Amino acid sequence: SLAPLFSGDLSLFKLWADTKHVSSNWRSVKEFLTVLAKKKLGVNFGTFVGYSTLRQEIMGSDRRDLTHNETNTIKTLLRTALQDGALGLSLGLGQAPGKYIPHHEIALMLEEVHAKYGVFSVQLRNDAEKGSESVREIIRLAQATKIKTIISHLRPLIGFENEFVKAIKAIDLVSKRLPLYFDSYPFNTSLIPIVSLLPSWAHHGTPDEILAHLNHEAGVERILKDIPHYGARDIVLLRFDKALHAPIMTIGEFAE
């Protein structure tokens, strides 16, 4: 999420958009919504509090558990953001840094969401070979908190259809007594930053830290060893650095 953003630093979002010409003249969710209210938007707009944004504002890209003081600070920031008008808490467990956030830490933050009647929107920790296990993790959180919970883009992946079926059955078993939901999209492609194709350890940290792995011989050797197999014709590049002026092409065509 783009708020709260107390450092004013938009570098976290470089993987998703060109931020060079964006001036962040807000810090809190309240200020962010005030800025947007001055724009003539053609759609209704609401925002969750992105947990990774909160966490990285406090502790950077460190991969470790929160200290007691950091926990209290983030809970306070989350509480204020919800009071300012955020709809709830959103969390992507499928990629760094969310992938490394422990279950007990999420449960602590959901106490604040519960107190403000907010919604919890979450991307699974693993939606492929451990899809049903990841869904059960979210079910446990929903059972413990009774918060309205939405699993983001739950869908059957090619080769892991059985995991999807088991996940749906697990949700069905609890759906009558828990406010647990999921959304899905009706097409067979995903739009992701290309960094997501790297092994999880290699796309942890800031964009500059990620590039350091790619510019280091030992890092490249480890990436080539750990990277999953992707079909060069299955991945289409949609947006390039403006200096390249490249047409839409597959990653295989780009490599050639």
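Readers should treat all values here as calculations from the given coordinates under stated rules, not as data from a laboratory. Please read all numbers here as calculations on a predicted model, not as lab measurements.
Under a 5 Å amide H cut-off, with hydrogens placed 1.01 Å from N, Ser121 pairs with Leu89, Ser90, Leu91, Ile150 among residues at least 5 apart or on other chains.
Applying the Karplus relation 6.51 cos²θ - 1.76 cosθ + 1.60 with θ = phi - 60° to segment 124-140 yields 3J(HN,Hα) values of 4, 5, 8, 10, 10, 5, 10, x, 5, 4, 5, 5, 5, 4, 5, 4, 4 Hz, where x marks Gly and Pro.
Calculated over segment 1-153, the projected area of the Cα convex hull averaged across directions stands at 9.5 nm². In straight-distance terms, cross-link reach from Lys169 covers every one of the lysines whose alpha-carbon lies under 23 Å from its own, apart from those fewer than eight places away in the same chain; here that gives Lys130, Lys146, Lys148. Counted over all Cα-Cα pairs of the chain, pairs farther apart than 23 Å make up 58 percent.
Near the amide H of Met249, within less than 5 Å, lie the amide hydrogens of Leu237, all on another chain or at least 5 residues away, with H placed in the peptide plane.
Say we join alpha carbon atoms closer than 10 Å with springs in a Gaussian network model of the chain; which of Phe164, Phe48, Phe120 then has the biggest fluctuation? Looking only at Phe164, Phe48, Phe120, the biggest GNM fluctuation is shown by Phe164.
Which log10 I(q)/I(0) values does segment 160-223 give at q = 0.15, 0.19, 0.26, 0.29 Å⁻¹ under the Debye formula, counting every alpha carbon as one identical point scatterer? Here log10 of I(q) over I(0) equals -0.72, -0.82, -1.08, -1.22.
Give me the tail of P(r) for segment 124-256 as a percent: Cα-Cα pairs with distance above 21 Å. Here the long-distance tail beyond 21 Å is 57 percent of all Cα pairs in segment 124-256. I'd like the antiparallel share, as a percent to the nearest 5, of DSSP beta bridges with both residues in the chain. Taking every DSSP beta bridge with both residues in the chain, the antiparallel ones total about 10 percent.
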